[in-house]
Structure formats: structure tokens, C-alpha cells
Amino acid sequence: MKIEALGQKVTVYVNSTDQWHGRPLYSAIVQLCQEQGIAGATVSRCVEGYGVHRHLHTARLLELSQNLPVRIEIIDLPERIQPLLAALDPMIVEGLVTVADVRIRHKVPDSSS
């Protein structure tokens, strides 16, 4: 069975060394998503990037290899994303959050068979 809906994708850009209450921020964000019943969240460690301070973070330089950019992508219905954004505000001290409208196509096994 195929389910289609209009949804939103939240993309959060932070550093791998960012912390929230003594644990990696990206991990705390995924846990928050689970607790709020969000449909899905994925964390990707990036190999190179820079942000507002124009400081290059790259895996090519040994001394910077531990502080790499991290991208967290979160997708769900708009009515579930809005409360999540409010909960993310105090967690993200420095970083970038984007929100984009998306069309969701999800395939699930047919329960009638």
C-alpha cells in the first residue's frame, strides 16, 4: 500500500562536537524525535564544510577531523514538525535549521494479505 501526504523536512546543521547535557547534540535530537513520535530522523556525518564563521572543518586535516559537520534530517507531517521546532530551539546554540515542504510517498505492506 502506498501512502502519499504533504509533509515537512527539517534539516539541522551542527558540529559533531556540539553537546546537550553531556551527550552529543545529534544523538539528543534523534532521541527527542523518538520521544515526540516523529516519523523519521537520520544523522549524516559530513566530510567537509564551513558555516557562518567561515572556519573550514574537514576530515583531510588530522587536527580538525574530530570536529566535523553533522546533518540531521527529520521528516513528518507539519502538525508534528511545529512542536519539534519549539523543542529544538533551546538545544541548538549555534547551527542552522531549515524547514522545507516535501511530498511524502511511503510504501507499507498491505495488512489485508
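The values are calculated or read from the model by the stated rules, or taken from the named source; none is laboratory data. The structure presented is a predicted model; accordingly, all values stated were derived computationally and were not measured. When we count neighbours, we look across all protein chains shown, and the Cβ atoms used for this are built from the backbone with ideal geometry, even at glycine. Note: accessible area is taken over every heavy atom of the protein model, side chains too, but ligands, DNA and RNA are not part of it. Shrake-Rupley method; radii C 1.70, N 1.55, O 1.52, S 1.80 Å.
Report, ordered by the first and then the second residue, all pairs with beta carbons closer than 6 Å, sequence separation of six or more or different chains, a first member in region 22-51 that is aromatic (Phe, Trp, Tyr), and a second member that is open to solvent by less than 80 Å² (accessible area, probe 1.4 Å).
Between residues of region 22-51 that are aromatic (Phe, Trp, Tyr) and residues that are open to solvent by less than 80 Å² (accessible area, probe 1.4 Å), the close pairs are Tyr26/Val43; Tyr26/Val70; Tyr26/Ile72; Tyr50/Leu56.
Which of the residues spanning region 8-17 are open to solvent by 40 Å² or more (accessible area, probe 1.4 Å) and not polar (S, T, N, Q)? Don't jump to the end; show me each part of the working.
Filtering region 8-17 for residues open to solvent by 40 Å² or more (accessible area, probe 1.4 Å) gives 9, 13, 15, 17.
Scanning region 8-17 gives Lys9, Tyr13.
Name the pairs whose Cβ atoms lie under 8 Å apart, with the first residue in region 65-78 and farther than 11 Å from Asp18 by Cβ and without any contact (Cβ under 8 Å) to a residue 24 or more places away in the chain, the second not aromatic (Phe, Trp, Tyr) and not in a loop (DSSP other than H, G, I, E, B), and 6 or more positions between them or separate chains?
From region 65-78, the pairs are Ser65/Thr58.
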